[in-house]
Amino acid sequence: MPLFGRPKFASVTYIKKPSNLAGPTDIAAETVSKEKPKDTCKGCNGSTPQHEVTANLGICPKCEYHNPMTAMQRITLLSDANSFRELDSNMKSVNRLGFEGYDRTYLEKVKSTGHNDAIVTGLCKLDGQEYAIGVMDFRFMGASMGSVVGEKLTRLTEAATSRNLPLLIVTASGGARMQEGCLSLMQMAKTSGALARHSLAGLPVFILLTNPTYGGVTASFASLGDIILAEPKALIGFAGARVIQTTIKAELPPDFQTAEFLEKRGLVDRIIHRKGLRRELSLLFSYFKPGIDARS
Ligand SMILES: [Zn+2]
């Protein structure tokens with residue numbers, strides 16, 4: 001008599017996504033979609049000349065939809081002119097697992113974005129207050145977290161800790177980078193450990209969640225801020241809404257995984273319109289100035 005029965009394999013059934021649900025893959029697809037003209041808003045389908053949207057910090061003047069920003073646009077928005085000094089800009093991923101096609105895709109993204117991976121890190125000032133900043137760039141493979149993203153973020157956190165500086169991480173990611181397998185998943189523990197040491201030193205961590213933030217990034221450093229901010233209507237989650245709906249076989253609320261939904265439930269502290277970000281962050285840096293003990 002066999003000790004064990006035949007192995008049972010799970011079956012996966014694909015169900016077509018209802019139009020009101022969007023997951024990170026959908027967002028990624030929309031971001032790179034070439035079907036819509038550039039001046040058609042993804043929020044309201046309205047047509048506004050691209051230069052007007054750009055002049056409005058990437059926000060649709062009709063519906064306030066916050067379009068994605070590149071890492072350097074975000075850094076320019078959140079720092080004093082010419083104060084940014086980049087760290088570890090030359091670090092590049094190695095295709096350690098020999099994942100087919102990874103080298104080619106990686107090289108294409110390096111060329112198209114001008115960055116060597118999906119995060120830009122460095123030190124800068126805002127209203128004269130020095131801080132460490134890390135900004136993910138969704139154009140680079142959906143800002144997936146591979147070993148370079150994890151290592152750069154860890155080094156940035158350690159630089160902030162040793163210099164007694166507050167840290168801001170601006171997230172946008174589809175999650176862990178599948179081409180790097182478990183090496184990518186290990187970054188979750190590494191970044192979390194560095195943030196824990198930063199916290200033990202009595203230094204603040206601010207997170208700004210932007211659209212979309214998913215997967216291993218949400219499950220690690222993106223949820224570990226002392227203050228967690230988000231842009232309006234940003235989609236934030238671990239698995240996408242479609243996967244969850246298929247798994248639990250239940251209708252999800254229409255605003256599921258939006259920043260507003262998470263704020264109501266305490267996972268996001270505050271939603272800030274892009275135009276108010278500079279002022280709010282500057283205030284937060286002054287409130288949480290290292291060395292000031294709130295109890296004294
Ligand atoms: Zn719009």
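Computed from the coordinates by the stated procedures, all read-outs in this text should not be read as laboratory data. Remember, it's a predicted structure, so these values are computed and weren't measured experimentally. Quick reminder, even Gly has a Cβ in these numbers, built from the backbone with ideal geometry, and neighbours come from all protein chains shown.
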**Study point:** Cα shape, the stretch 69-287, gyration tensor, a/c 1.5 rule
**Key:** oblate
Revision key, fill the gap. Magnitude of the Cβ-charge dipole (Lys and Arg +1, Asp and Glu -1) of the stretch 166-296 about the Cα centre, nearest 20 debye, reported as 180
Check your understanding: Mind ordering 129-135, 227-233, 143-149 by average Cβ neighbours within 10 Å, highest first?
Key -> 143-149, 129-135, 227-233
Practice item. Can you tell me the dipole magnitude for the stretch 38-128 around its Cα centre, using point charges on the Cβ only (Lys, Arg +1; Asp, Glu -1), in Debye to the nearest 20? Key: 140
Exercise for review: Would you mind checking Lys111/Lys233; Lys233/Lys275; Lys152/Lys190; Lys109/Lys190; Lys42/Lys233 for any pair whose Cα atoms are more than 19 angstrom apart?
Suggested key: Lys111/Lys233; Lys109/Lys190
Check your understanding: With charges set only on the Cβ (+1 for Lys and Arg, -1 for Asp and Glu), what does the dipole of the stretch 69-287 come to about its Cα centre, in debye to the nearest 20?
Key -> 140
Point to revise | Span from the the stretch 215-266 Cα centroid across to the the stretch 52-109 one, whole angstrom | key: 22
Review point. Along the charge dipole of the stretch 69-287, Cβ charges K/R +1 and D/E -1, which of His273, Thr105, Ser184 sits furthest on the positive end?
Key: Thr105
Study note, to complete from the structure: Of all DSSP beta bridges having both residues in the stretch 69-287, the percent classed as antiparallel (nearest 5) is 40
Study note, to complete from the structure: Rounded to the nearest whole number, the per residue volume of the convex hull around the C-alpha atoms of the stretch 66-195 in Å³ is 103
Check your understanding: Roughly what would the spin-label model give for Met186 and Arg96, points 7 Å off Cα along C-beta, in nm?
Key -> 0.4
Exercise for review: Please name which of Met145, Ser47, Met69 has its Cα lying farthest along the dipole of the stretch 35-194 towards the positive end, using unit charges on Cβ (Lys, Arg +1; Asp, Glu -1) and the Cα centre as origin.
Suggested key: Met145
